[in-house]
1. If I go through the range 13-62 residue by residue, how many of them are at negative phi, in a loop (DSSP other than H, G, I, E, B) and in contact (Cβ under 8 Å) with a residue 12 or more places away in the chain?
2. For the range 93-108, does any single residue satisfy the condition of being open to solvent by 40 Å² or more (accessible area, probe 1.4 Å), assigned to a helix (DSSP H, G or I), under 17 Å from Asn176 (Cα atoms) and of a type in the set (Lys, Arg)?
3. Say we look at the range 1-12 and pick out the residues that are open to solvent by 90 Å² or more (accessible area, probe 1.4 Å) and in a loop (DSSP other than H, G, I, E, B); which of these is modelled with the lowest pLDDT?
4. Select from the range 40-77 the residues that are modelled with pLDDT under 90 and of a type in the set (S, T, N, Q) and write down the one among them that is least open to solvent (accessible area, probe 1.4 Å).
5. Among the residues of the range 138-152, are any out of contact with any Asp or Glu (no Cβ under 9 Å at 6 or more places or on another chain), modelled with pLDDT under 90, surrounded by fewer than 19 Cβ atoms within 10 Å (Cβ to Cβ) and in a helix (DSSP H, G or I)?
6. Please verify whether the range 254-262 includes one or more residues that are out of contact with any Lys or Arg (no Cβ under 9 Å at 6 or more places or on another chain) and crowded, with 19+ Cβ neighbours inside 10 Å.
7. Considering only the range 220-235, state which residues are part of a helix (DSSP H, G or I) and more than 16 Å from Leu281 (Cβ to Cβ).
8. Could you list, in sequence order, the residues of the range 186-233 that are among the small types (Gly, Ala, Ser), surrounded by 14 or more Cβ atoms within 10 Å (Cβ to Cβ) and closer than 24 Å to Leu288 by Cα?
Amino acid sequence: MQIYVNEQVLDAKLSGEKNIAEVYDAVKSWSHENKKYILGLRVDSQEVVMSALGNISTDGVNRLDFYIGDEMDMVQTTVEELDRYLDQIGSTLFELENLSDLEVSNLKDGMHWIDQIMNSISSILRMDLHLSVLASDEFRSEPIDEILKRMRQAVDKFSALSDRESIESFLEDLRNFKAFVMKLSLQLRMVGADPGDLTGILVEFNENIPSLAEQIVSINANLNAGRDRIALEILEKTTDRLNRYITALFAFDFHLSRAGDKTLADITINGESFLACASSLTDLLRNLSTAMEDNDMVAAGDILEYELTEKLRAMRPYLTEIGQLMVARK
């Protein structure tokens, strides 16, 4: 049997392991000694559930493929797994009118797993779940731990009552939590980006603020002219770009905090911190989305033409300060 790690043949031989579970434990121990983590495993090119590894004899396997990464790789893989699990919960509950005892039990086990995952991730990333910055981008400006608390309470109540109304309430929090997880996944990909790439993204952000402001004004002009489809297309592209830029900012902030350097939270201009300015910008994007959903064109127009462009231009001094931090770190 050949053992591969990240597509490279492992220069080691079995030392009496009789099944794949024992091999897995040996590789896991070796990985931890090198501050690495097992991210995935394939047995003869097939994925196999962990509980079945003990039933697979080493004599019947030709090739094992281990995928190993560092701490951040492990967190990214875990977050992606969490995102898939949330999709699974949502699709299962979407059309149910009530829950069986087995489904309630599975949800309780799932919430326990979610709590464990979030505690581990928050510890590794030094992320305070009581802060709303990561949770406020598209839905509600609310601490993520409050959303998780309501989800736990809802699951506990399902044992006594699981009508459609209570399921819908749980799904609303599930959607908000999934939005947080999706954004966290994007941020983690940014964190793993080359610092030079982050610098390029933030320089691009600073240079493009005038054109972004013009695009935002053009959205309002198209809405007033009845060109709603064009307005929505520009809005979607502009929002995607802003989310990418803001995510790069928080990724850079993560690198600063890990190094023990001055962080973006320390940057204050005219009495307003960078985090407050960035949070206001994302709050405006959320309010704009709500106004568009409610077909409140007056509110949407005010946000587009005045508030959002003003807040976007207010970001430039912060980006200048951040640029100086980047230069200092080189």
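1. Selection size over the range 13-62: 8.
2. As a first pass, look at the range 93-108 and keep what is open to solvent by 40 Å² or more (accessible area, probe 1.4 Å): 94-98, 100-103, 105-106, 108.
Still in the list and also assigned to a helix (DSSP H, G or I): 101-103, 105-106, 108.
Right, trim to under 17 Å from Asn176 (Cα atoms) and you get none.
No, the range 93-108 contains no residue that is open to solvent by 40 Å² or more (accessible area, probe 1.4 Å), assigned to a helix (DSSP H, G or I), under 17 Å from Asn176 (Cα atoms) and of a type in the set (Lys, Arg).
3. Filtering first and then ranking leaves Asp11.
4. Selected residue: Gln76.
5. Within the range 138-152, one or more residues are out of contact with any Asp or Glu (no Cβ under 9 Å at 6 or more places or on another chain), modelled with pLDDT under 90, surrounded by fewer than 19 Cβ atoms within 10 Å (Cβ to Cβ) and in a helix (DSSP H, G or I).
6. Within the range 254-262 (the criterion being out of contact with any Lys or Arg (no Cβ under 9 Å at 6 or more places or on another chain) and crowded, with 19+ Cβ neighbours inside 10 Å), the answer is no, since none of the residues qualifies.
7. Step one: list which residues in the range 220-235 are part of a helix (DSSP H, G or I), which gives 220-224, 228-235.
Hits for the range 220-235 are Asn220, Ala221, Asn222, Leu223, Asn224, Asp228, Arg229, Ile230, Ala231, Leu232, Glu233, Ile234.
8. Ala213, Ser218, Ala221, Ala231
The values are calculated or read from the model by the stated rules, or taken from the named source; none is laboratory data. Please read these numbers as outputs of a predicted model, since none were measured by experiment. A quick note on method: Cβ atoms are made from the backbone with ideal geometry, for glycine too, and the neighbour counts reach across all protein chains shown. All accessible areas refer to the heavy atoms of the entire protein, side chains included, with ligands and DNA or RNA removed. Shrake-Rupley method; radii C 1.70, N 1.55, O 1.52, S 1.80 Å.
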